[in-house]
1. Tally up the residues in region D:341-382 that are more than 17 Å from D:D288 (Cβ to Cβ), within 19 Å of the chain's Cα centre (by Cα) and in contact (Cβ under 8 Å) with a residue 24 or more places away in the chain, please.
2. Please give the number of the condition A:L142 fails out of (1) surrounded by fewer than 21 Cβ atoms within 10 Å (Cβ to Cβ); (2) assigned to a helix (DSSP H, G or I); (3) more than 9 Å from every other protein chain (Cβ to nearest Cβ); (4) out of contact with any Gly (no Cβ under 7 Å at 6 or more places or on another chain).
3. Is it the case that region C:26-39 has a residue that's buried (at least 23 other Cβ atoms within 10 Å of the Cβ), within 16 Å of C:G153 (Cβ to Cβ) and touching a helix residue (DSSP H, G or I) at 6+ places or on another chain (Cβ under 8 Å)?
4. If I ask for residues that are within 12 Å of chain B (Cβ to nearest Cβ) and surrounded by fewer than 24 Cβ atoms within 10 Å (Cβ to Cβ), which ones from region D:95-104 would you list?
5. Identify the residue in region B:114-127 that is at the interface with chain A (Cβ under 8 Å from one of its Cβ atoms) and either free of Cβ contacts under 8 Å to residues at least 60 places away in the same chain or in a helix (DSSP H, G or I) (or both) and, among all such residues, is farthest from B:V54 (Cα to Cα).
6. Across region D:214-237, what is the total count of residues that are touching a strand residue (DSSP E or B) at 6+ places or on another chain (Cβ under 6 Å) and at the interface with another protein chain (Cβ under 9 Å from one of its Cβ atoms)?
7. Pick from region C:102-131 the residues that are polar (S, T, N, Q) and not in a loop (DSSP other than H, G, I, E, B): which of them is surrounded by the fewest Cβ atoms within 10 Å (Cβ to Cβ)?
Amino acid sequence: MIALQHILDAVNVGGLYALMALGIGLIFGVMRLINFAHGEMVMAGGYAMAMLSALPAPAVIAVSIIIVVALAVAIERGAFRPLRGKDPATLLVASFTVSYFLQNLSVLVFGARPLPFAFMPGLAEILEIGGLRVPLLQFVSLGLTVLALAGLAILVKRTTIGIELRAAAEDVVTAQLSGINVNRVIALAFVISAVLAWVVSLTYSAQIGQLSPAMGVRPLIIGFVATILGGLGSLPGAALGGFLVGAISVLLEVVLPSETRPFREAFLFGLVFIILVVRPEGIVRVCALQERV
Amino acid sequence: MRSPFRDALTTALLLTAAVAIVAAIGTQLSGGTQRIIIDAMIKMIIVLGMYIFVGNSGLLSFGHIGFLGLGAYTAAWLTIPPSIKASLMPGLPDFLATAALHPLPAALAGGAAASLAALLVGIPLTRLAGVAASIGTFAMLVVFYAIFSNWTSVTGGQGSLYGLPVFTSLPVAAGFTVATILGAAMYQASASGFRLRGSREDAVAAQASGIDIRRERLIAFVISAFFVGVAGALYAHFLQVVVAREFYLKLTFITVAMLVIGGMRSLSGAVAGTAFVAFLSEVLRQAERGIDLGVVSIGGRLGLQEVGLAIAMLIVLIFRPRGITGGRELTLGWRSR
Amino acid sequence: MVDAAAQPGSLVAFGVGVHFEGLRALEAVDLRLARGEILGLIGPNGAGKTTLVNVLSGYQRPSEGGVRLDGLGTAGWQPHHFARNGLGRTFQAARLFPEMTVLENVEMPGVGLGLSRRQARARAEALLSDLGIIHRATVPAQALTYGEERLVGLARALALTPKFLLLDEPAAGLSPHEARELMQRIAAVRERFGCGVLLIEHNMQVIMRLCDRVQVLARGKTIAVGTPTDVQASTEVRQAYLGASGDAGIAIAGKAAAAQAGQALLAIENLVVDYGSARALAGVSLSVCKGEFVAVIGPNGAGKSTLLATITGLVKPKSGTIQYEGRRLGAEPPARRVRDGIALVPEGRRILSNLTVEENLRVGETVRRGDPEAARRFEHVLATFPVLRSRLKGYAGRLSGGEQQQLAIARALLSGPKLLLLDEPSLGLAPLMIEQVYETLVKLNEDGLTILLMEQNANRALLAGDRAYVLRHGVVELEGPTATLRTDPAFDQAYFGFDAREGIATH
Amino acid sequence: MSLLRFASPLLSAGILALSASMALAQDKKPIVIGAAIARTGFIAAYDADPARAAEMAVKEINAAGGVLGRPLKIVYADTKSEIPQGAIAATEVLDQGADLIIVTGDFDFGGTAARTANAQGKIAIAPFAADPKFGVEGIGPFAFSFSTASDTVGTVLAEFAASKGWKTAYALTQTNIQYDLSVSRAFQARFKELNGNAALVGTDTFSMDDATIATHITRIKALNPQPDVLLLSTFTPAGPGALRQLRAAGLQMPILSGEDMDGDYWLKSVPNLSNFYFAAMGSIFGDDPRPDVNKFIAGFKALHGNHPSTAHTLTGYSVVQAIKIAAERAGSINSDAIKAAFEKFKDEKLLVGPTSFDAKTHINFMRPMVVMQVQDGKHSAVSLHTPQKIPGR
């Protein structure tokens, strides 16, 4: 029974990381940019929901999604589009800077003190299923994760817009010359990543019940590591990496004796390091990124 | 044909002159301002140390702040009076528990400890290239941080270590900055630095020229860690405390940003970026205080400094994507590299 | 054929096999290169030539077999071990260190071998003087012309003082004159350094003139080894490499005159394009009539790709006008121009290798989505390129070079173009494949499609087109009907320029 | 020449202003309290209200004639919630003539400023640094904390739990700051002293870096029987999140926390929270067992429109009270004199409670604390609890 609960925990945590990894992986695909400001999308979603909580729930959901999406598009326009095609280090630092900007802007607007997140308190209810007491939230977040993953998979694999997305991810110039509006595709990738970030906002904020300006940093770091582990540039890889990191971290929690548990982070990242060294290209190899001699 | 060493020396001397002038002016200024200058100089040593690896190899490192921490802890282990160490860090081995060194040898020991760690981590790490290498260094940072903040009997854990003697005065900081500039310039002009830059420009072609890329990366990593480790010891003797949370994401972000904004492919860029960001954030801090005095708001939500700094850095990146120096070196003739 | 325990003095590959995820790039290939010898390595595209060079220089670990370098086993070696033991090589793309000066580029191998920077620099200066390019020593490599890049690449390989030199298509993209110069240098290198040279080359004339022996690869296997004359005489080689009708031209349809009378589909007036401080196009004017097949011929660096990039909207001109269907093109993005009927088959094909063939084709349809004609057009294109139909669900990256070129053309056709632009469709293709591509183009043109083609392969383009322009240094040097140009004595002068015979270093 | 002509009126105006202000200052030069505290960044939220309370005390004292006939004045410099900036901020306020300084109430974040003051022989006071090392040992002879030590918090919680008849406990500790670790350590030691070693049925740690504490919860739920009480030694923002997850997972036993969970700003994070207790320096909700605290809270509310965010605020007021007492006893504002006067404090009646210092101990151990309760999302004071024995002392 406990094992089952641990598995459920692992799937839940892993799903959260997978969503983060997909959001990051998507932008990397089309722009070769590791978007550190993705964590601040999550933060913005949380604050938007908290600020709007006086409205009816569907309105809160709709408006907060619009806010996160608008923010993502604004960042793409204002910061990343002028830098498109520049040195990866420059892009990376630009995304750092955007993240730093948004965190401090949030301090400026909402204050540094954490705010409570009380949207949809019903999520805290507990369901009793065959001896397992499972919070409704776990089901909702699991359901949302599965929905988001499936939706993204269908979008990318089955629709023309998905083909355009992948085409732009592989070769921007060819995509342009085939009549694909690359600006639109990249903006679309930001929109999708913002929606994924919003899903994380909802489930993550509801779990921790708190909003703070730096709340996005932690999921971002894990999502980022998951993206690399899964194989940069591969969306299935990103999802896989997310679940893998989630599973490893829950496993470490379970097996490490209590006195070494504070070092869990060291074990997790040590393991990440080893996996990277053994398989630098990640679990899913993407041939477009392999260098040819 | 000019000799590569002469070019590097010219650059280093020009930068040294700039540092010396700032230090000389600084000694005439108030204590608060001096502290700001010392803080900037320590950051400059960190950024220069990072530059030795990052600039010459082209691989971005997020891990050097871990070396900074190791340098700082080494200094703490060696210079805190044994009586205080006994209560703060009961788990220290004897030779550390009884040590009472002067901060100068302790700083060199901090550099050596960081180098040793870099050697051990670097052997597997230098297998990696590109973004995987950056993530590898990041993983290393997290591991270092987890150890610093949890191995309580040796590092004091989350608590801070105190009792470090004062050492890092303005002249000391300036002296180490100059030494680091010279060290970085010499490495850059050396055969090893040259080979590493070749691998940065084109790894495949570098191999065809007989270059063992892993070895060159490792050498640079170890040298670079040395300077950052020394900076860590200086930092510890500047703050007089060592606390794990200082050696993590925030400082990593700011130092990487300094390097890239200055222009990560040149020594002058490392210096210019540090000076630019440090100067700008101080100007903004003063401006923010002006606002603070106007509207007396206790615990107000100022934070304009950070927002302003972020906007300014973004503007620099957009208009000078290769950094302020654009990867060029300061020479008497401003020659392209 | 070759003894695995070969003596020092030679570079030996024995039983080399290379498998890429199920694909066999090389199978049981033997090769022996003695010092002082020039060995030609030829074969149609996709034969595995570059893979073999990569095995010989350590960049590709063979799945089977191995390499002995000067009597030494090379198991577990990395590329730099090969280099340090006397193996120098060049690359198809020159792969210079772009931000370093020419001198620093050539200094690198000396430093890589462990010389001091001073010694390495002296050696580099001597080499650059020898090759007559010392006057460019302080120029950053990224500012070099194409021909200079090739030469510096050679100098850099020589700076290793190699015992064996592997040259991967050193003459590709050079004008015939430049290529001739380069070949003379290679012959001189063999004399001076006494090293063994392995030469991959498509130009059979070069191979015949320069090589002591020739080894022929096809589909990853050696099909012939011998003297140039023997190999040329081998029917097996002719079939595999040259194709049954190696030198056959295609009859020109007698419709050129009809097209001449039509109105201009594309009219370019006085187009000027700068890249930074370099002028790529210096006032180019040309026109293409509806239904015409026009070729723009010129050596590398003439500005052909820039011209196409400007027409498609990837590059903004400094001045001049482009009129398309009587309307002046302004700041429309590339996507808009595709919708208006301008399609490009880019240089190097640029197919999307992570997408399936079908998805590549769907990408081509982007601007015609929802078009009632779309399904019919798709069928028609598949009928034109039947080989693609059988590979629809496979990844495009798995196609051979020729198939990829067909896919690239098919993709462009699916956008329903009125004007088809092609950039060097013959580049990197074996002669037989080139013929197939040109046949398709001529047929498309006969069906009414207007074609504007950029080509270095002057003879081939002059056989297919109605009219041609000769572009050189960003200026149109000559224009006229192909039938006239083929025999026009002015053509050679326009193509090679008056300074061509004075040496490549005069700029 | 024109420059001089332009400058001279400015110059003379400046001289005039300067001499005027000097004339004023000669009458009653204010005693300057330098506040090197966080005004921005995440610590600003903790430093703000104690500073407001100090300003209230300054106003009251100045209205009643000041200290030694001189008015009090507070000057500020922002540490930006950064450790290195603390020293710079301290230097700044000392440069502005501060006679003594107030620093951020944390050993790490206030420490650098306090050390800078100590190096210059100036008193540095942390209103609410709970680490027992804040004082002679960790900073220097001129450092004082007006807080109650973290060991006391843990002790009070353990003694309170025992008095409620809770026999078994489980300790879940956040590892990110020293305070939570100390509170937990003292609680565990004291609880075992009171109920026997077996009474502590388990311990676990978590970090603010954990996205969720699902595995921790699973482990607690696996215990059979469930512990009577849970110590959750934590601070915001991770604390309320952990509390929410514990309750959401159906763990309904009483939960104890330290002072860092004081205040109601986070309460909406855990809807309808019940059966939650924490130890604080007082109640900010107007029901403190001590009337003078309630009076202060009412005054604060009248001035700022809201009750203080946490009871740490009381220490800000108390610091100024103590400065007045010490200066008047010593007859001087000289650092050595103030230090000597402080070290003679023996159950000195301050707003925050009886305060004692001696030559070695510059923080309070045996001071009573108020145990607060949250029931149905409402705070109330349970009792004023004086610790009986602090483990290890």
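1. So the answer is 9.
2. (4)
3. The answer is no; no qualifying residue exists.
4. Within region D:95-104, D:D95, D:Q96 qualify.
5. So in region B:114-127, the residues at the interface with chain A (Cβ under 8 Å from one of its Cβ atoms) come out as B:124-125, B:127.
In the following step, the residues that additionally are either free of Cβ contacts under 8 Å to residues at least 60 places away in the same chain or in a helix (DSSP H, G or I) (or both) were identified as B:124-125.
Details: B:P124: 17, B:L125: 14 Å.
In this case the residue turns out to be B:P124.
6. 2
7. Start the filter on region C:102-131 by keeping residues that are polar (S, T, N, Q), which leaves C:105, C:116, C:119, C:129.
If we keep only those that are not in a loop (DSSP other than H, G, I, E, B) too, we end up with C:105, C:119, C:129.
Details: C:N105: 30, C:Q119: 15, C:S129: 12.
Filtering region C:102-131 for residues that are polar (S, T, N, Q) and not in a loop (DSSP other than H, G, I, E, B), the one surrounded by the fewest Cβ atoms within 10 Å (Cβ to Cβ) comes out as C:S129.
To keep it simple, each residue is scored yes or no on (1) surrounded by fewer than 14 Cβ atoms within 10 Å (Cβ to Cβ); (2) modelled with pLDDT under 90; (3) of a type in the set (G, A, S).
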position	(1), (2), (3)
D:L10	yes, yes, no
D:A51	no, no, yes
D:I61	no, no, no
D:R70	no, no, no
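The values are calculated or read from the model by the stated rules, or taken from the named source; none is laboratory data. The model shown is predicted, which means the values in this text are computed figures rather than measured ones. So basically every Cβ, Gly included, is an ideal-geometry build from the backbone, and we count neighbours across all protein chains shown.
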